[in-house]
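A short reminder: the numbers here are calculations on the coordinates, not readings from a lab. Keep in mind that this is a model prediction, so the values were computed, not measured. A quick note on method: Cβ atoms are made from the backbone with ideal geometry, for glycine too, and the neighbour counts reach across all protein chains shown.
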Amino acid sequence: MTASTPAPRPPSQDASAPALFHVRRGQGKPLLLIHGLGSSWQTWAPILPGLEAQREVIAVDLPGFGHTPPLPGEVSIATLADAVTEFLTRENLLGIDAVGTSMGARLVLELARRGGVLGAVVSLDPGGFWQGWERAFFYSTVAASIKLIRALQPVMPALTASPVTRSALFAQFSSHPWALSPELTLTEMRSFAASPSTDELLRNLAYGEAQQGLPRGRLARPLVIGWGRWDRVCLPVQASRAKELFPDARLHWFDHSGHFPHWDMPAQTLRVILDTTA
């Protein structure tokens, strides 16, 4: 079921809320990039040069990830959305176009629901649309991966340097993990291990408040929901549920991608983002 459009939530103006670490690069119309669970702004490395050539890119570290300290209270999609809204208000960026991946993809959908926060939106393989056994599958497999990542930190540089062990580490997240760069994968593994908000947010994503939608005719700006056909984290069957909750969105399939199209199909991802936010 879809829910009615909520009234925009004002920024909290909470002095204890952390300022979001971010990088600003390029020139042109501003574009916000929001990473996924356990990650940081550096996850966008495969498509950053292409985006920066045409847009001013603002890539953030969410609270509790990368270089941004955690929130002082609850960590959830709702509180992260509040933090991003406050950041955009402070930076005079309300109405900015935005791209999110994974957990960040769900976050941009939530911000799109609120109205007046974002412009055009691209949501890449968003979480939050699982049913039944899929919920436990998501939580247990990702939690096991995080535990393994933390245990392997002493040897992580060697593991990510080898295509064989890199493939084993990223098989759940990429359709061709052997082709990912050692630098990108090592950065991701370091970020997963170090992020203090990963565990709480993972549980909230799996068992917390369900994602609400936006009724037909209430979407003011373009919205594309992208999905990798080989996604082993947010299974492809969930794409139709996302489309039902956001009926005005356009669904785009990445035929040769796993959970992260900007890793597996960067050229096509770049085209989708630039076309949607043109």
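Structural remarks
- Using C-alpha pairs below 8 Å separated by at least 6 residues, the relative contact order for the stretch 135-194 is 39 percent.
- Secondary-structure-derived ellipticity at 222 nm for the chain, considering helices only, amounts to -11500 deg cm²/dmol, per-run term -39500 (n - 2.57) for DSSP H runs with n ≥ 4.
- Computed from backbone phi, the HN-Hα couplings of the stretch 146-157 come to 5, 4, 5, 4, 5, 5, 9, 3, x, 10, 4, x Hz, rounded to whole numbers (Karplus: 6.51 cos²θ - 1.76 cosθ + 1.60, θ = phi - 60°; Gly and Pro given as x).
- For the pair residue 158 and residue 171, label points projected 7 Å from Cα toward Cβ lie 2.1 nm apart.
- Spin-label model distance (nm) - residue 251 vs residue 179, 7 Å beyond Cα toward Cβ: 2.5
- Ranked packing of 247-257, 98-108, most packed first, by mean Cβ within 10 Å: 98-108, 247-257
- In this structure the amide hydrogen of residue 55, modeled in the peptide plane, comes within under 5 Å of the amide hydrogens of 27, none closer than 5 places in sequence on its chain.
- Electrostatic bookkeeping for residue 261 treats Lys and Arg as +1 and Asp and Glu as -1; over the other residues with beta carbon under 12 Å from its beta carbon, the sum is -2.
- Extension gain from residue 150 to residue 78, taking 0.36 nm per residue of separation minus the Cα-Cα distance: 23.2 nm
- Each Cα pair under 8 Å and six or more residues apart adds its separation to the average, and for the chain the resulting relative contact order is 23 percent.
- Prolate/oblate/rounded call for the stretch 128-195, Cα gyration tensor, a/c under 1.5 rounded: prolate
- Rounded to whole Hz, the Karplus (6.51, -1.76, 1.60) HN-Hα couplings of the stretch 110-123, x for glycine and proline: 5, 5, 5, 4, 6, x, x, 8, 10, x, 5, 9, 10, 10
- Using the Karplus relation 6.51 cos²θ - 1.76 cosθ + 1.60 with θ = phi - 60°, the per-residue 3J(HN,Hα) values for the stretch 181-191 come to 6, x, 5, 4, 5, 5, 4, 5, 5, 5, 5 Hz, with x marking Gly and Pro.
- Taking other C-beta atoms within 10 Å as the exposure proxy, 149, 273 rank 149, 273 from fewest upward.
- Separation in nanometres of the label points that stand 7 Å from Cα toward Cβ, at residue 237 and residue 271: 3.1
- Built amide H within the under 5 Å cut-off of residue 250, gap 5+: 223, 224, 225
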